[in-house]
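A short write-up of the structure that comes next.
Just so it is clear, none of the values below were taken in a lab; they were calculated from the coordinates. Everything numeric in this text was worked out from a predicted model, so none of it was measured. All Cβ positions, even for glycine, are placed from backbone atoms using ideal geometry, and neighbour counts span all protein chains on display.
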Amino acid sequence: MRAGAAGLRWLTAWLAALALAACGSGGGDDTPAPNTPPPSPPPVTGWPTGDGGFGVPASTFTLPATLAGKITADSIYLADIQATFPQVDWAALDRLYIPAGHYKFIHIGNLPVRSASRKLVITNTGGQVRVGALGHHYLFNLAGGANWVITGRHDPVSKTGDAGYPGHRGGNFARTQGRYGIMIDDAFTSSGVSGLAVRGGATDFEIEYLEIARVEFAGIMAKTDSTASATMSNVVLHDNYIHDTGSEGLYIGSTQAQPQHQIRNWRIHNNRILRTGTEAIQLGQLGGTNEVHHNVFGPAAIDWRAAFQDYQDNNFQIGIREGELRVHDNIFIGSAGSTVSFFAQAVSGDATAGNTGVTFSRNYFSDMRNLGMYVNNVALPGMNYRFEDNVWRAWRFERDLVYTGESSPGQLLRIANTVTPVVFDGNTWSGPAGFINLLPGGSGTSGNVSGSGNTRADVEAVRFIDAGLPDGFDYLKLEMWTDVATRGGNVPVSYEQGFIVLHGGAPYRCRLSPCPAGVVPDGNPGTWEALAPFADDVRVVPGSRFEGRGLVPQ
């Protein structure tokens with residue numbers, strides 16, 4: 001943990017900074033009152049609101065303010081929500097409302113199994129539902145059920161969310177911290193907690209318009225460990241804002257030994273997963289047809305010097321068992337191990353006769369300290385891997401700064417699989433002279449690997465509308481602050497002048513040359529310059545080189 005009370009002090013400073021930006025620097029008390037959302041940024045045209053998408057509710061139920069042994073002013077524990085409220089028609093209920101408030105934790109179990117044509121929508125009412133920073137060993141848990149939706153979206157037609165907390169409604173992406181109807185923010189107060197955890201055999205659900213920040217482990221964790229008979233299929237994750245996590249942004253699928261259930265037929269799109277300590281996205285136990293598209297992932301692995309385990313410093317970690325995976329039009333920034341860490345896994349009983357393969361197309365990968373991708377040696381029957389029109393740029397080998405026994409690779413991509421057909425077509429890379437270990441020049445055929453139209457060239461950096469950092473910023477100079485490199489023998493860590501570090505989720509720039517090891521950014525302005533919170537409008541500038549990748553209206 002690297003935050004403690006500093007995170008809470010930062011939140012107060014952040015609210016004050018937003019107020020000053022909106023109201024000017026004149027006299028008077030411009031700090032918003034507690035639980036008052038920061039001012040809205042200017043409107044952005046051309047981004048649909050999605051109003052009415054859930055229909056007009058005919059039946060609703062609001063959780064009571066108190067319920068003996070189950071609901072208090074700051075906690076909700078409903079292990080079996082259907083048994084607790086038998087008077088509710090759980091087969092027909094349209095809206096389940098959670099009253100506004102600041103909760104230590106929320107646990108809702110035994111959600112109903114609904115039909116895809118009439119989903120149960122779970123949302124906030126009367127203001128913002130905020131969870132975390134009150135000292136608890138978990139934050140927001142949902143368990144069981146099918147065809148439910150959790151959303152903080154303000155939709156006046158479908159009667160979800162709250163007008164005071166619109167999130168990025170209508171395309172207002174800049175400075176939306178604290179503006180979502182459902183916000184999970186632990187201010188790094190508890191060790192090992194994730195933001196939203198979905199388990200208990202839940203399947204066919206949707207998660208949208210949540211903000212999750214400053215949790216010490218993962219933003220969203222979805223899996224039912226050690227239960228091969230469980231299902232977690234037909235899931236959609238979109239329009240979420242996850243930032244400043246101690247470890248993963250998304251942790252989907254178990255990493256434990258078999259037996260485990262598959263993650264099947266997921267669609268993950270239009271999410272901002274920014275400044276994660278380890279991987280931005282981890283997908284395991286994949287089967288069926290899964291699609292990951294139009295997201296912004298990173299910078300990731302910003303805690304690579306002091307991650308919770310060795311080698312937890314990639315950007316996208318994949319574990320596929322069977323089926324098909326399509327990854328396209330995403331922006332991936334930052335890694336210390338492999339930008340893509342790709343593992344195939346053979347599991348007894350899987351239906352491999354329908355295997356199709358894996359396709360990566362039109363993705364942007366940048367700011368890498370080691371490999372751009374590693375593919376393991378397991379060959380699954382019927383699979384093909386294809387990589388087309390991707391860009392890998394801004395490579396600089398620095399892994400030996402922590403893992404001192406490692407040396408610079410002779411190629412950007414390493415393919416250990418010698419059986420599965422692998423095709424590279426029309427990709428661009430900068431960095432090592434070698435593109436692929438089995439095909440250094442990128443063209444021709446070597447065993448199971450073939451390539452054409454791949455070019456080594458410098459490529460401009462992606463341009464964001466308002467990320468809060470200048471165009472072309474060197475993301476390898478942004479890290480999570482640590483006093484020692486626990487992954488590198490506890491060597492004290494000093495920082496170069498101009499480096500930006502995150503401490504308690506707040507950014508600071510190094511003033512000195514260097515900033516000495518052990519000088520905590522919070523409370524040492526002579527060493528560390530406190531910066532404004534990042535704007536995080538990471539839509540690509542219209543008309544620029546990578547327009548159409550990353551966030552787009554869906």
- What do you get for Rg/Rh over segment 61-207 if you use C-alpha atoms and the Kirkwood form of Rh? 0.95
- Query: Where both residues lie in the chain, what percent of DSSP beta bridges are antiparallel, nearest 5?
  - Reply: 15 percent
- Total formal charge among the other residues, if their Cβ is under 10 angstrom from that of G171, Lys/Arg +1 and Asp/Glu -1: +1
- Message: Going Cα to Cα from K70, which aspartates and glutamates come in below 17 Å? Please leave out same-chain ones fewer than 8 positions away.
- Response: D80
- Note on the structure: Among T72, A133, T404, the residue whose Cα sits farthest towards the positive end of the charge dipole of the chain, when +1 is placed on the Cβ of each Lys and Arg and -1 on the Cβ of each Asp and Glu, is T72
- Message: Under the 0.36 nm per residue contour assumption, what length would be gained going from the current alpha-carbon distance of S233 and N490 to full extension?
- Response: 88.3 nm
- Among V493, W429, A461 - extreme Cα towards positive end, dipole of segment 428-493, charges at beta-carbon: W429
- Quick one: grab the alpha carbon gyration tensor of segment 100-174, order the square roots of its eigenvalues as a ≥ b ≥ c, and give me rounded if a/c is under 1.5, else prolate or oblate depending on whether a/b is larger than b/c. oblate
- Item | Per-peptide average of other Cβ atoms within 10 Å, ordering 325-334, 437-446 highest first | 325-334, 437-446
- Message: If you take every residue apart from C510 with its C-beta less than 12 Å away from the C-beta of C510, what net charge results, scoring Lys and Arg +1 and Asp and Glu -1?
- Response: 0
- Task: Pairs of Cα atoms under 8 Å, at least six residues apart: use those to get the relative contact order of segment 466-554, whole percent.
- Result: 26 percent
- D74-F397 pseudo-label distance in nm [points 7 Å out on the Cα-to-Cβ vector]: 5.2 nm
- Where both partners of a DSSP beta bridge lie in segment 477-540, what percent of those bridges are antiparallel, to the nearest 5? 75 percent
- Task: Just need the relative contact order of the chain here, percent rounded to a whole number, with Cα pairs under 8 Å and 6+ apart.
- Result: 9 percent
- Message: Once the cut-off is 17 Å, how many percent of the Cα-Cα pairs in segment 176-225 end up in the long-distance tail?
- Response: 40 percent
- Task: First check a/c for segment 141-284, with a ≥ b ≥ c the square roots of the eigenvalues of its C-alpha gyration tensor; if it is under 1.5, answer rounded, and if not, answer prolate when a/b is larger than b/c or oblate otherwise.
- Result: oblate
- By the Cα gyration tensor axes a ≥ b ≥ c (a/c under 1.5 gives rounded; else a/b larger than b/c gives prolate, otherwise oblate), the shape of the chain is oblate
